[in-house]
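The values are calculated or read from the model by the stated rules, or taken from the named source; none is laboratory data. As the structure is a computational prediction, the values presented were derived from the model and not from experiment. In this analysis, Cβ positions are derived from the backbone assuming ideal geometry, glycine residues included, and neighbour counts consider all displayed protein chains. Only protein heavy atoms, including side chains, enter the accessible area calculation; ligands, DNA and RNA are left aside. Shrake-Rupley method; radii C 1.70, N 1.55, O 1.52, S 1.80 Å.
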Amino acid sequence: MNLRYAAALALLGWYLMVPPLERLPNGPEVFDLNAPLSQWYRWDYYDTARECWYVDRDLFERSQGILRIDPLDDAANAYLQAQCIATDDPRLWGN
C-alpha cells in the first residue's frame, strides 16, 4: 500500500449528522429533512464507520421507542434521519 494512501485513510473520520432546524413562517421550528448535507449538524465525530454506525443505530432505536409514545415528537423523527458521513465527503462542503 502506498504510504500516502495509508496516511490519508488514517486521517479519515466519520460524522454522525442530523438535519438542521428551520423556522416556519409564523410557526414552530421543524427539522429540515430536505436541506443539503452541508447544512446538517455534526452531532459527533467517530474514528471508524463501524463506531458511527453503532451510535446511529442506538439513536434510531431510541427514537423509535419515543415515537411509539409520541408519534409527533420532532426530535425523534429527525434522529431517525441521522446519517454517518465520511469527513472527506464533498457534500459536506457543497453550496
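Tabulated data for the structure shown
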item	result
For the chain, radius of gyration divided by Kirkwood radius, i.e. Rg to Rh on alpha-carbons	1.08
222 nm mean residue ellipticity, helices alone, for the chain (DSSP H n ≥ 4; -39,500 (n - 2.57); rounded to 500)	-12000 deg cm²/dmol
Residues listed by number, segment 67-95, amide nitrogen under 11 Å from Tyr45 label point at 7 Å toward C-beta	87
Cβ-derived FRET efficiency at R0 30 Å, Glu61 paired with Thr87, nearest 0.05	0.75
Protein accessible area in the chain, 1.4 Å probe - carbon and sulfur %	54 percent
Net +/- balance of residues flanking Ser38 in space, Cβ distance below 12 Å, scoring K and R +1, D and E -1	+1
